[in-house]
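Novice: A single structure is presented below for examination.
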Amino acid sequence: MNSADGLRIRVHLARSDFELHVDLDLPANGVTVLYGASGSGKTTLMRCVAGLERPAKGLIRVGQDLWQDDTQRIFVPTWQRNLGYVFQEASLFEHLNVQKNLAYGIKRSQKQGAAEALAGAIELLGIGHLMHRQPASLSGGERQRVSIARALATQPGLLLLDEPLAALDLARRHEILPWLEKMRDALRVPMLYITHSADEVARLADHLVVLENGSVKACGDAQDVLARVESPAIAGEDAGVLLRGTVALCDAHWHLSQVEFPGGFIWVPDKGLALGQQVRLRVLARDISISTDEPQNTSIQNHLQGCIEAIVEDAHPSQALVQIRCGESILLARVTHRAIAVLNLKTGSTVWALVKSVAVIA
Amino acid sequence: MNFSLNKDAWDAIGLTLELAACATLILLIVATPLAWWLSQTRSKWRAPIAALATLPLVLPPSVLGFYLLVAMGPHGPLGQLTQALGWGVLSFTFSGLLLGSVIFSLPFAVQPIQNAFESMGVRPMEVASTLRASPVDAFFSVALPMARPGLLTAAILSFSHTVGEFGVVLMIGGNIPGKTGVVSTQIYGHVEAMEYAQAHWLAGGMLVFSFAVLLALSMLRKPVERVLP
């Protein structure tokens, strides 16, 4: 990766009860998700990037823009950084209506093409009908969409989103997620996105940074990081992998679509997917069973042949996580130690992975 | 009995309103930056300055009036300064009265504005900074408009508190008709002179005025609470 174009984030911040020590080189495009439990330092790190916190030692560079370098005594204040920030809770100016909230940043950023950027943001987030409403009269989901549009309209070089869905209930989340996916696909602006939801990671992440107690536990392409078994990024019930594939077949009779990915194909329910469409598949470890010979008489239709790369302990002592390589892709399966003993599974064994269910993320 | 107000009474009312209006204006200009500083700073001077700004609230007016009188007098530090500047001595003048009123009503202006700034939290200012607003810009475009209910309360309290003050005014103004004689001291004068009819008119007027102010305040407050979460 060409480090001059990407995001360079080096931060060392010590508080009485917490220490953040991070050194990251991130790509200049796509969505980088910062994932971790609460208290792992995600928000503090993002605030350092924005200049809302000033770490004692830090280097923040976005592309060619140097925002902080303590060795050169450079610290650009937040308002002079070309960024957009979406806070966890609705942060609209209550004394201004939606239109004036959107205009606030545009007026001050004074960039070419502001009108187009604003129109684009309004269109992208579907808030055209809210322009003359007061923030107090909006629903939580609408407020957050306006907040995102307000940040986007300033045409930032970097968009920071701090758990934009955390303050919303499940229904509202599902209302906003499609907009975020649309943003990821439509925009060129790199995004840093904080979440502690495995679902949001699977849906949005191109790149994944896992934070734990103020330091980086894992960092890399989302698909790779999620497939790791040594210190898994997402443990427990949500453990699973992400597969990127294309729709290769549509079977109208059975209402199924076939998604091809490097290493095989998987049948998924047809939800109006178009041939050739790029999709993400989220396959949870708990939804995969293992068989040592090709299953013949089973209702499970998705069988993938592969080779066991690793077997590690899972959260519960009865269970293990099995890492299976299928072609260029990796699957994780959760099975009991008893099953491993009975089937005599070892590293290097050839097995069949039975995929019981898959979440398709268009 | 004579039920109409004489010239002295009208003078006193006019002077009271003028004094209260000037004091309110000055207070808003002085108290807003002070309240902002108190709401934001982590300086070690915060506590002493906050205590100093609240002191007029608990100090007997006669104590405050006494010190002001001494300070403003020909030999006091303030008196020396004003004489050096060619303004003469402020005691027993309208300017002196104004200065005393401003100091006396300071907490009534600072407290509501400071509360408004504090209840706003840091988030709106942070949001403004992520939208390219400089700190000064954000203060005028976000903090002040959001603190408007607090500013309004401060103005009303300053005005009515200045109208109602007595001790400080008597000490440093001396109740000179047409010059430093305000309504509250005038009433005192009438009572001393057994002119109860005149005292009734002025006292009744004050009562109605004070009630109207409190009524207005509580009516203003309601819609504000609905807006703030």
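Just so you know, all these numbers are worked out from the coordinates, no wet-lab data involved. Just so we're clear, the structure is a prediction, and the values are computed from it rather than from any experiment. Cβ placement follows ideal geometry from the backbone for every residue including glycine, while neighbour counts extend to all protein chains displayed.
Novice: How big is the charge dipole of the protein assembly as shown about its Cα centre, in debye rounded to the nearest 20, if each Lys and Arg gets +1 on its Cβ and each Asp and Glu gets -1 on its Cβ?
Specialist: 780 debye
Novice: Quick one: check the C-alpha center-to-center distance for segment A:14-92 versus segment A:237-274, whole angstrom.
Specialist: 37 Å
Novice: Could you tell me how many degrees, from 0 to 90 and to the nearest 10, lie between the Cα long axis of helix A:114-125 and the main elongation axis, the longest principal axis, of the Cα atoms of chain A?
Specialist: 40 degrees
Novice: Let me ask something else about it. Please figure out what share of the DSSP beta bridges in chain A is antiparallel and state it in percent, rounded to the nearest 5.
Specialist: 80 percent
Novice: Please name which of B:Leu68, B:Leu55, B:Val142 has its Cα lying farthest along the dipole of chain B towards the positive end, using unit charges on Cβ (Lys, Arg +1; Asp, Glu -1) and the Cα centre as origin.
Specialist: B:Val142
Novice: Something else: Build a GNM of chain B with springs between Cα atoms under 10 Å: which of B:Arg46, B:Arg148, B:Arg132 gets the top mean-square fluctuation?
Specialist: B:Arg132
Novice: Follow-up question, since we're still on this one. Among A:Ala235, A:Ala171, A:Ala28, which one shows the highest mean-square fluctuation when chain A is modelled as a Gaussian network with alpha-carbon springs under 10 Å?
Specialist: Of A:Ala235, A:Ala171, A:Ala28, the Gaussian network model singles out A:Ala171 as fluctuating most.
Novice: List the residues, sorted by chain then number, that are 5 or more residues from A:Ala310 or on another chain and whose placed amide H is less than 5 Å from its amide H.
Specialist: A:Gln323
Novice: GluC sites (Glu not before Pro), restricted to segment A:1-105: which are DSSP loop and have at most 10 other Cβ atoms within 10 Å? It would help to have the intermediate numbers written out before the result.
Specialist: On the way: sites: A:Glu19, A:Glu53, A:Glu89, A:Glu94; in loops: A:Glu53, A:Glu89, A:Glu94.
Filter output for segment A:1-105: empty list.
Novice: Taking a point 7 angstrom from the Cα of B:Tyr188 along the C-beta vector, which residues in segment B:91-119 have backbone N less than 19 Å away?
Specialist: B:91-106
Novice: Quick one: which residues, 5+ away or cross-chain, put their amide H under 5 Å from the amide H of A:Val86? H built at 1.01 Å from N.
Specialist: Long-range HN contacts for A:Val86: A:Leu160, A:Leu161, A:Asp162.
Novice: Please give the Cα centre distance for segment B:40-119 versus segment A:332-362, rounded to the nearest Å.
Specialist: One Cα centre to the other: 79 Å.
Novice: For chain A, set up a Gaussian network in which alpha carbons nearer than 10 Å are linked by springs, and say which option among A:Trp179, A:Trp79, A:Trp267 fluctuates the most.
Specialist: A:Trp79
Novice: Quick one: if the Förster radius is 60 Å, what FRET efficiency do B:Leu25 and A:His196 give, using the C-beta to C-beta distance and rounding to 0.05? Before the final figure, lay out the partial values.
Specialist: Values: r = 52 Å, r/R0 = 0.86.
My answer for the efficiency is 0.70.
Novice: If you don't mind, another one. May I ask you to sort A:Tyr35, B:Tyr196, A:Tyr104 by Cβ crowding, counting other Cβ atoms within 10 Å and putting the fewest first? Let's see the in-between values first.
Specialist: On the way: A:Tyr35 28, B:Tyr196 12, A:Tyr104 24.
Lowest to highest Cβ neighbour count: B:Tyr196, A:Tyr104, A:Tyr35.
Novice: Ok, one more. Taking 0.36 nm per intervening residue step and subtracting the Cα-Cα distance, what contour gain separates A:Gln112 from A:His132 on full extension?
Specialist: Full extension of this stretch gives 4.7 nm more.
Novice: Nearest 10 degrees is fine. How inclined is helix B:46-58 to the longest principal axis of chain B, computing both from alpha carbons?
Specialist: 30 degrees
Novice: Figure the gain on full extension for A:Thr350 and A:Ser215 (residue separation times 0.36 nm, minus the Cα-Cα span) and round it to one decimal in nm.
Specialist: So the chain would gain 44.9 nm between A:Thr350 and A:Ser215.
Novice: Still on this model: Label points 7 Å out from Cα along the Cβ direction at B:His200 and A:His21: separation in nm?
Specialist: 8.5 nm
Novice: What does the structure give for A:83-91 when I average, per residue, the other chain Cβ atoms found within 10 Å of the residue Cβ?
Specialist: That average works out to 3.
Novice: Could you tell me which of rounded, prolate or oblate describes the protein assembly as shown, using a ≥ b ≥ c as the square roots of the eigenvalues of the alpha-carbon gyration tensor, with rounded for a/c under 1.5 and, failing that, prolate when a/b is larger than b/c and oblate otherwise? Don't jump to the answer; show the numbers that get you there.
Specialist: Numbers: a/c = 3.34, a/b = 2.88, b/c = 1.16.
The shape class here is prolate.
Novice: Can you put A:Cys307, B:Cys22, A:Cys48, A:Cys219 in order of Cβ neighbours within 10 angstrom, beginning with the fewest?
Specialist: With the sparsest Cβ surroundings first, the list reads A:Cys307, B:Cys22, A:Cys219, A:Cys48.
Novice: I would also like to ask the following. Would you mind computing, in nm to one decimal, how far apart the modelled labels at B:Phe209 and B:Asp8 are, each placed 7 Å from Cα along Cα→Cβ?
Specialist: So the label points at B:Phe209 and B:Asp8 sit 1.8 nm apart.
Novice: Would you give the gap between the C-alpha center of segment A:188-213 and the C-alpha center of segment A:111-140, rounded to a whole Å?
Specialist: Their Cα centres are 25 Å away from one another.
Novice: Rounding to the nearest 20 debye, state how big the charge dipole of chain B is about its Cα centre with +1 on each Lys and Arg Cβ and -1 on each Asp and Glu Cβ. Don't skip to the answer; put the middle values down first.
Specialist: On the way: 11 positive and 10 negative charges, 159 e Å.
In debye, rounded to 20, chain B gives about 760.
Novice: Most exposed first by the Cβ proxy, i.e. fewest other Cβ within 10 Å, how do A:Ile324, A:Ile194 rank? Working shown, then result.
Specialist: Values: A:Ile324 28, A:Ile194 24.
Result, fewest neighbours first: A:Ile194, A:Ile324.
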